[in-house]
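The values are calculated or read from the model by the stated rules, or taken from the named source; none is laboratory data. What you are looking at is a predicted structure, and each value in this text was computed from that prediction instead of being measured. Here the Cβ is made from the backbone with ideal geometry for all residues, glycine too, and neighbour counts use every protein chain on show.
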Amino acid sequence: MTLYLKYRPKNLDELDSESVRESLKKIFSSGEIPHAFLFAGPKGIGKTSAARIMAMILNCETKKTPCGKCEQCASIINGSNIDVIELDAASHRGIDDIRALREVVKLSPAKAKKKVYIIDEAHMLTTEASNALLKTLEEPPSHVVFVLATTNPEKLIGTIKSRTTEIIFKKADLKEIEHSLERAIKGEKIKIDKETVGMIASRANGSFRDAVKILEQWTLEGKAFLGRTLSSDVVDFAELLINHNREVLLSDIKKRVDAGLSIEDFIKDILLNLQDRLLTRAGDKKEVISLIELMLEASKQISDSPIEELPLEIAVIKWCQPKPDPPRADGGTKEPVKMNGENIDESAWKSILTAVRPINASIEALLRSAKPIGFDGKTLTLGVFYKFHKERLEEVHHRKILEDVITQIVGGAVRVSCILEEPPAKVEPVLTESEDNDIIKAAEEIFGV
């Protein structure tokens with residue numbers, strides 16, 4: 001058992017988030033327990049732990065602390081209580097799942113006083129499933145309490161939020177994290193100084209779970225681990241990115257995952273390193289900016305990804321695609337293609353398509369649902385027939401590849417701008433076998449198959 005699971009809070013007083021602890025104490029001291037709660041906040045901040053503590057308070061056979069020793073409390077702690085049901089909305093998100101749930105909630109508890117349903121990542125429910133759940137929340141059986149936990153409350157339908165008592169789980173401050181670490185430190189009799197505890201707390205980025213994971217790794221590797229995590233790992237990874245060393249980058253990501261380290265925090269550290277490179281003018285400025293944009297994109301995707309490292313792996317594969325190298329028919333230096341004014345030569349457009357295809361067939365396929373409509377010497381304006389295709393072409397990695405290709409063909413720096421255009425009567429197919437193969441190849445590289 002990991003230290004985080006072993007030392008997770010088991011009563012209200014052990015909840016390390018002061019605001020959550022005080023909110024729940026007020027609710028339970030009032031004697032009026034809401035039938036549905038919404039626990040909203042980032043990962044690793046104690047939402048599920050708080051929900052289990054609530055279940056123990058509601059069902060403890062001795063007192064409301066809870067005791068942690070009676071049959072009800074003990075079975076909730078070890079996850080065997082049949083009246084406390086934990087569901088992952090990511091895998092039980094459909095309307096049929098919620099319809100089945102609505103039928104079983106009508107049944108009385110087998111042994112406990114209250115049935116408690118803990119629905120994790122509730123924002124993953126489909127709209128139909130959310131509306132079906134809403135009916136139960138509006139008229140709940142008296143023996144049932146719902147706890148909906150989510151990292152993205154804004155994605156829940158408004159009517160569900162209005163039927164629940166919302167408790168906000170904020171990122172923990174350093175004092176709260178250090179207090180959380182003390183349980184594991186004392187319980188395991190770990191010899192560690194206050195300075196190192198502070199370093200671990202600062203690395204956890206407000207997450208109790210990540211803090212304990214880092215502590216656990218520190219017990220295995222000592223101070224060298226913290227030093228490597230804080231500095232050289234990030235610098236080395238950034239250097240590998242700049243050098244487009246895909247195989248080593250993917251291997252490093254896997255090692256971090258195996259070590260139980262936060263990929264989200266790692267991306268933030270990479271961004272700080274890239275910011276430093278940008279401000280100190282170290283390296284190619286345009287390349288650093290493009291890489292920052294790609295890392296920001298990966299950072300945004302992490303909260304919605306069921307696999308934390310997947311957005312970073314995809315970003316690495318996109319970044320490390322071969323740089324454009326337009327083919328030379330005669331083996332010598334190719335003369336730049338001339339594109340002047342709004343009347344762009346058809347041969348110039350074909351040259352762009354031909355040059356893009358061996359680098360990224362997906363982009364070439366997307367360009368076949370577009371047409372050049374203007375060029376002022378610095379900006380090539382494309383009319384794109386469909387909104388989705390326009391959005392794909394405007395993605396950082398796609399735009400960079402396209403601009404690099406055009407720059408080499410034209411013989412000068414060119415930016416690409418996309419606008420929506422009415423499609424012609426007949427448009428060439430966009431999806432190609434090559435595009436499918438590119439996607440499959442990327443997936444194989446990520447999953448190692």
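Quick one: which helices (runs of 4 or more DSSP H) sit completely within segment 187-250 and have at least 3 residues that are more than 30 Å from residue 18 (Cβ to Cβ) and at pLDDT below 85?
Details: elements: 194-203, 208-221, 223-227, 233-242.
Qualifying helices (runs of 4 or more DSSP H): 223-227, 233-242.
List pairs: first residue in segment 195-219 and over 11 Å from residue 44 (Cα atoms) and in contact (Cβ under 8 Å) with a residue 60 or more places away in the chain, second residue assigned to a helix (DSSP H, G or I) and β-branched (Val, Ile, Thr) anywhere in the structure, Cβ distance under 9 angstrom, at least six positions apart or on different chains.
Cβ pairs passing all conditions: 203/214; 203/229; 215/185; 215/197; 215/200.
Of the residues 172, 149, which is closer than 12 Å to residue 39 by Cβ and small (Gly, Ala, Ser)? Let's see the steps before the verdict.
Working: 172 fails: closer than 12 Å to residue 39 by Cβ.
Only one candidate qualifies: 149.
Select from segment 30-67 the residues that are buried (at least 21 other Cβ atoms within 10 Å of the Cβ) and in a loop (DSSP other than H, G, I, E, B) and list them in ascending order.
Across segment 30-67, the qualifying residues are 41, 44, 45, 46, 60, 66.
Confirm whether residue 21 is basic (Lys, Arg), within 25 Å of residue 133 (Cα to Cα) and part of a helix (DSSP H, G or I).
For residue 21, the condition - basic (Lys, Arg), within 25 Å of residue 133 (Cα to Cα) and part of a helix (DSSP H, G or I) - is not met.
Looking only at segment 372-394, which residues are closer than 23 Å to residue 317 by Cβ and either in the same structural domain as residue 286 (by TED's automatic domain parsing) or in contact with a helix residue (DSSP H, G or I) (Cβ under 8 Å, 6 or more places away or on another chain) (or both)?
Within segment 372-394, 389, 392, 393 qualify.
Condition check: in a helix (DSSP H, G or I), within 20 Å of the chain's Cα centre (by Cα) and either modelled with pLDDT under 80 or farther than 26 Å from residue 214 by Cβ (or both). Does residue 276 satisfy that?
Here the answer is no, as residue 276 does not meet what is asked.
Scan segment 68-78 and give yes if some residue there is within 17 Å of residue 164 (Cβ to Cβ) and buried (at least 16 other Cβ atoms within 10 Å of the Cβ), otherwise no.
No.
In the same structural domain as residue 37 (by TED's automatic domain parsing), in a helix (DSSP H, G or I) and closer than 21 Å to residue 94 by Cβ: is that true of residue 137 in this structure?
Values: in the same structural domain as residue 37 (by TED's automatic domain parsing): yes; in a helix (DSSP H, G or I): yes; closer than 21 Å to residue 94 by Cβ: yes.
It is true that residue 137 is in the same structural domain as residue 37 (by TED's automatic domain parsing), in a helix (DSSP H, G or I) and closer than 21 Å to residue 94 by Cβ.
Name the helices (runs of 4 or more DSSP H) wholly inside segment 357-417 in which the number of residues that are under 21 Å from residue 297 (Cβ atoms) and of a type in the set (Phe, Trp, Tyr) is 1 or more.
387-393
Kindly evaluate residue 102 against the criterion of being over 25 Å from the mean Cα position of the chain (by Cα) and modelled with pLDDT under 90.
For residue 102, the condition - over 25 Å from the mean Cα position of the chain (by Cα) and modelled with pLDDT under 90 - is met.
Within segment 167-184, track down each residue that is assigned to a strand (DSSP E or B) and surrounded by 15 or more Cβ atoms within 10 Å (Cβ to Cβ).
Once the filter is applied, which keeps residues that are assigned to a strand (DSSP E or B) and surrounded by 15 or more Cβ atoms within 10 Å (Cβ to Cβ), segment 167-184 yields only 167.
Just need a number here: residues in segment 145-161 that are aliphatic (A, V, I, L, M) and within 15 Å of residue 134 (Cβ to Cβ). Even if it seems obvious, please write down each step before you answer.
Residues of segment 145-161 that are aliphatic (A, V, I, L, M), as a first pass: 145, 147-149, 156-157, 160.
Okay, now just the ones that are also within 15 Å of residue 134 (Cβ to Cβ), so 148, 156-157, 160.
Number of matching residues: 4.
So which residues in segment 140-166 are among the hydroxyl-bearing types (Ser, Thr, Tyr) and either surrounded by fewer than 22 Cβ atoms within 10 Å (Cβ to Cβ) or in a loop (DSSP other than H, G, I, E, B) (or both)?
If the condition is that a residue be among the hydroxyl-bearing types (Ser, Thr, Tyr) and either surrounded by fewer than 22 Cβ atoms within 10 Å (Cβ to Cβ) or in a loop (DSSP other than H, G, I, E, B) (or both), then 142, 151, 159, 162, 164, 165 are the ones that fit.
Against the conditions (1) crowded, with 19+ Cβ neighbours inside 10 Å; (2) under 18 Å from residue 50 (Cβ atoms); (3) within 27 Å of the chain's Cα centre (by Cα), where does residue 85 fall short? Just the number, please.
Result: residue 85 fails condition (1) only.
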